[in-house]
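Peer 1: Provided herewith is a single structure, encoded as structure tokens, for subsequent inquiry.
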Amino acid sequence: MGQAKEQPAGATAPTVRIDLGPRVYWNLRSHAAFGSSSRNWFSVLWRNGRGISFRFVPRIIVITLTVVASAPARLIERLRFGKRIRNTTVQDPIFILGHPRSGTTYLHYILSRDPRFAFCAVYESLMPWVFLSFGRPLRAILRRALPATRPMDNLRMGAELPKEEEFALACMGPGSMVTGYFFPRKMAAMLDRYVLLHDAADKRQWQAHLLHLVRKLTLKYGPRPLLLKSPWNTARVKEILEVFPNARFIHIHRDPCTVYASNLRLYEKTLPMLTLQTYSAADVEDFVLHGYKVMMEKFHREKALIPPGHLVEFGYEEFIGKEIDMLERVYAQLGLPDFEHARPLLKNEIAAHEEYVTNEYHLDPATRARIQREWGDVMDRSVANTPVRA
């Protein structure tokens, strides 16, 4: 599995290097808010305006102009498809769960090769309001705008590859962790509100947007089960089951110390492209420590709600190198039919990642002690090398 391996000379404390210079804030090529509705975008600015840093005003102006200019396209889509979307009957999806940097994207890429599944593609996730009417030009635009690989791990990117639906939900309403990436100093508060969903009104809005997106994707792709992947759904099992009581779940987990270090790298690479405010390394480190703890605590509380035979869990470390054997067991335990039909397609996708080498992280004792102190019991319940179970 790809990117050039990092091999530090010795154990170190991982740090977040922050580059918010002119090269960053004048990068106006793409942003996760470009596909937002006007109502949602102006609501985000209104709620968080005091936290915006002046240097990002050019970014906000370009996003605002894009959102306003695309309003006619959103109206056309609503007039053409609104009633059909509302009347579309959906199957309960399959949800890939796992804390960020646990291997969810790799798993999503592999399973998406089975043509009996549908998924939310990059262009659909970034432009959820208009992809039915304007899919072709959107794909052409994004082919030019997107980098060839993801900045945090060098996995390939493309307009038609699978994408987490969290980005689509951020364009539909504030109830998405992606909105937190725009305001890194508030990420912990936004996770508590929009991922943990303690407030009943926030929960209803998030569920309505998820159902609308699933209906829209089903209208496009037909009655195939949707394969959805958002790491933040790991903490939304109860809320998902209230909408899709027969949903099936695949949970992949990874060594927590590796997850911690890899998340710091994730935010080092991605936040500068999305943020609308300045922030510190401490903001990121504190968020990662807080986020893992509260997310995994909620997951462990709620996974008992999943019907028997609808959840499979396994570790990233045991998955790598044994992908086909593991997926055959996943298909069997979730009742997914005809694995032999999918086997060669899945093997081809796995082969495409053969040269991929994951980053190695060597944490110093003080960092490991802090992780153990902050995560404690939830870390022990989330360790890798757990046998597959359903």
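The values are calculated or read from the model by the stated rules, or taken from the named source; none is laboratory data. Predicted model, so just to flag it, every value in this text is computed and none were measured. Here the Cβ positions follow ideal geometry from the backbone for every residue, glycine too, while neighbour counts run over all protein chains shown.
Peer 1: Any residue at all in region 122-134 that's in contact (Cβ under 8 Å) with a residue 12 or more places away in the chain and closer than 30 Å to H300 by Cβ?
Peer 2: Taking region 122-134 as the starting set, the residues that turn out to be in contact (Cβ under 8 Å) with a residue 12 or more places away in the chain are 122-134.
Still in the list and also closer than 30 Å to H300 by Cβ: 125.
Within region 122-134 (the criterion being in contact (Cβ under 8 Å) with a residue 12 or more places away in the chain and closer than 30 Å to H300 by Cβ), the answer is yes, since at least one residue qualifies.
Peer 1: While we're on this one: Scan region 230-253 and tell me whether some residue there is outside any helix (DSSP H, G or I) and in contact with a Lys or Arg (Cβ under 7 Å, 6 or more places away or on another chain).
Peer 2: First, the residues of region 230-253 that are outside any helix (DSSP H, G or I): 230, 236, 244-253.
Still in the list and also in contact with a Lys or Arg (Cβ under 7 Å, 6 or more places away or on another chain): none.
Taking every residue of region 230-253 in turn, none turns out to be outside any helix (DSSP H, G or I) and in contact with a Lys or Arg (Cβ under 7 Å, 6 or more places away or on another chain).
Peer 1: Within region 71-99, how many residues are crowded, with 16+ Cβ neighbours inside 10 Å, in a helix (DSSP H, G or I) and of a type in the set (A, V, I, L, M)?
Peer 2: So the answer is 2.
Peer 1: Would you check if there is a residue in region 376-390 being more than 17 Å from I110 (Cβ to Cβ), buried (at least 18 other Cβ atoms within 10 Å of the Cβ), in contact with a strand residue (DSSP E or B) (Cβ under 8 Å, 6 or more places away or on another chain) and of a type outside the set (S, T, N, Q)? I'd like the intermediate steps shown before the answer.
Peer 2: Going residue by residue through region 376-390, those that are more than 17 Å from I110 (Cβ to Cβ) are 376-387, 389-390.
Subset that is buried (at least 18 other Cβ atoms within 10 Å of the Cβ): 378-379, 382, 384, 390.
Adding the requirement that they be in contact with a strand residue (DSSP E or B) (Cβ under 8 Å, 6 or more places away or on another chain) leaves 382, 384, 390.
Filter once more, keeping what is of a type outside the set (S, T, N, Q): 384, 390.
Yes; the residues of region 376-390 include at least one that is more than 17 Å from I110 (Cβ to Cβ), buried (at least 18 other Cβ atoms within 10 Å of the Cβ), in contact with a strand residue (DSSP E or B) (Cβ under 8 Å, 6 or more places away or on another chain) and of a type outside the set (S, T, N, Q).
Peer 1: Continuing with this model, one more query. Check F131 against each of (1) under 30 Å from I320 (Cα atoms); (2) touching a helix residue (DSSP H, G or I) at 6+ places or on another chain (Cβ under 7 Å); (3) modelled with pLDDT of 95 or more and name the one condition it does not meet.
Peer 2: It fails just one condition, (1).
Peer 1: Restrict the check to region 280-291 and report whether at least one residue is in contact with a strand residue (DSSP E or B) (Cβ under 7 Å, 6 or more places away or on another chain) and farther than 17 Å from R101 by Cβ.
Peer 2: Filtering region 280-291 down to residues in contact with a strand residue (DSSP E or B) (Cβ under 7 Å, 6 or more places away or on another chain) leaves none.
No: zero hits.
Yes or no, residue by residue, for (1) among the acidic types (D, E); (2) touching a residue at least 40 places away in the same chain (Cβ under 8 Å); (3) in contact with a Cys (Cβ under 7 Å, 6 or more places away or on another chain):
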position: R50; (1), (2), (3): no, no, no
position: V62; (1), (2), (3): no, no, no
position: V68; (1), (2), (3): no, no, no
position: R80; (1), (2), (3): no, yes, no
position: K83; (1), (2), (3): no, no, no
position: Q91; (1), (2), (3): no, yes, no
position: G98; (1), (2), (3): no, yes, no
position: D114; (1), (2), (3): yes, yes, no
position: A118; (1), (2), (3): no, yes, no
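Peer 1: With the condition kept exactly as written, say whether any residue in region 58-65 is part of a helix (DSSP H, G or I), within 22 Å of L266 (Cα to Cα) and more than 22 Å from the chain's Cα centre (by Cα).
Peer 2: Quick first cut of region 58-65, residues part of a helix (DSSP H, G or I) only: 58-65.
The next check asks that each one be within 22 Å of L266 (Cα to Cα); those that pass are 59.
Then drop every residue that is not more than 22 Å from the chain's Cα centre (by Cα), which leaves 59.
Checked region 58-65: at least one residue is part of a helix (DSSP H, G or I), within 22 Å of L266 (Cα to Cα) and more than 22 Å from the chain's Cα centre (by Cα).
Peer 1: Next up: Please verify whether region 4-23 includes one or more residues that are at pLDDT 95 or above, not basic (K, R) and not in a helix (DSSP H, G or I). Give the steps one after another, and end with the answer.
Peer 2: Of region 4-23, the ones at pLDDT 95 or above are none.
Scanning region 4-23, I find no residue that is at pLDDT 95 or above, not basic (K, R) and not in a helix (DSSP H, G or I), so the answer is no.
Peer 1: Moving to a separate point now. Out of (1) touching a Pro at 6+ places or on another chain (Cβ under 9 Å); (2) more than 19 Å from I240 (Cα to Cα), what's the single condition that is false for S133?
Peer 2: All conditions pass for S133, except number (1).
Peer 1: Pick out the one residue from T358, T270 that is touching a residue at least 60 places away in the same chain (Cβ under 8 Å) and crowded, with 17+ Cβ neighbours inside 10 Å.
Peer 2: On the way: T270 fails: crowded, with 17+ Cβ neighbours inside 10 Å.
After ruling out the rest, the residue left standing is T358.
Peer 1: Still on this model: Answer with yes or no whether R113 is farther than 30 Å from L276 by Cβ and at pLDDT 95 or above. Even if it seems obvious, please write down each step before you answer.
Peer 2: Working: farther than 30 Å from L276 by Cβ: yes; at pLDDT 95 or above: yes.
Yes.
Peer 1: How about region 350-373: which of its residues are in a helix (DSSP H, G or I) and over 24 Å from the mean Cα position of the chain (by Cα)? It would help to see each step written out before you state the result.
Peer 2: Let us first name the residues in region 350-373 that are in a helix (DSSP H, G or I), namely 350-352, 365-373.
Across region 350-373, the qualifying residues are P365, A366, T367, R368, A369, R370, Q372, R373.
Peer 1: I would also like to ask the following. Can you pull out the residues in region 222-242 that are more than 20 Å from the chain's Cα centre (by Cα) and either over 17 Å from I96 (Cβ atoms) or surrounded by 23 or more Cβ atoms within 10 Å (Cβ to Cβ) (or both)? Let's see the steps before the verdict.
Peer 2: The first filter runs over region 222-242 and keeps only residues more than 20 Å from the chain's Cα centre (by Cα), leaving 222-224, 242.
Listed by number, the residues that qualify are G222, P223, E242.
Peer 1: For region 229-246, how many residues meet the condition of being farther than 22 Å from V294 by Cα and in contact with a strand residue (DSSP E or B) (Cβ under 9 Å, 6 or more places away or on another chain)?
Peer 2: Kept after step one, since they are farther than 22 Å from V294 by Cα, are these residues of region 229-246: 243-246.
From what is left, the residues that are in contact with a strand residue (DSSP E or B) (Cβ under 9 Å, 6 or more places away or on another chain) are 244.
Number satisfying all stated conditions: 1.
Peer 1: Give the residues of region 285-339 that are of a type outside the set (G, A, S), in a helix (DSSP H, G or I) and free of Cβ contacts under 8 Å to residues at least 12 places away in the same chain, sorted by residue number.
Peer 2: Going residue by residue through region 285-339, those that are of a type outside the set (G, A, S) are 285-290, 292-303, 305-308, 310-314, 316-320, 322-331, 333-334, 336-339.
Subset that is in a helix (DSSP H, G or I): 285-290, 292-303, 305, 316-319, 323-331, 333-334, 339.
Matches in region 285-339: R301, D325, Y331.
Peer 1: Follow-up. Right, L345: of a type outside the set (G, A, S), part of a helix (DSSP H, G or I) and touching a helix residue (DSSP H, G or I) at 6+ places or on another chain (Cβ under 7 Å) or not?
Peer 2: When the stated conditions are applied, L345 does not pass them.
Peer 1: How about region 199-230: which of its residues are among the β-branched types (V, I, T) and closer than 20 Å to L107 by Cβ?
Peer 2: First, the residues of region 199-230 that are among the β-branched types (V, I, T): 214, 218.
Once the filter is applied, which keeps residues that are among the β-branched types (V, I, T) and closer than 20 Å to L107 by Cβ, region 199-230 yields only V214.
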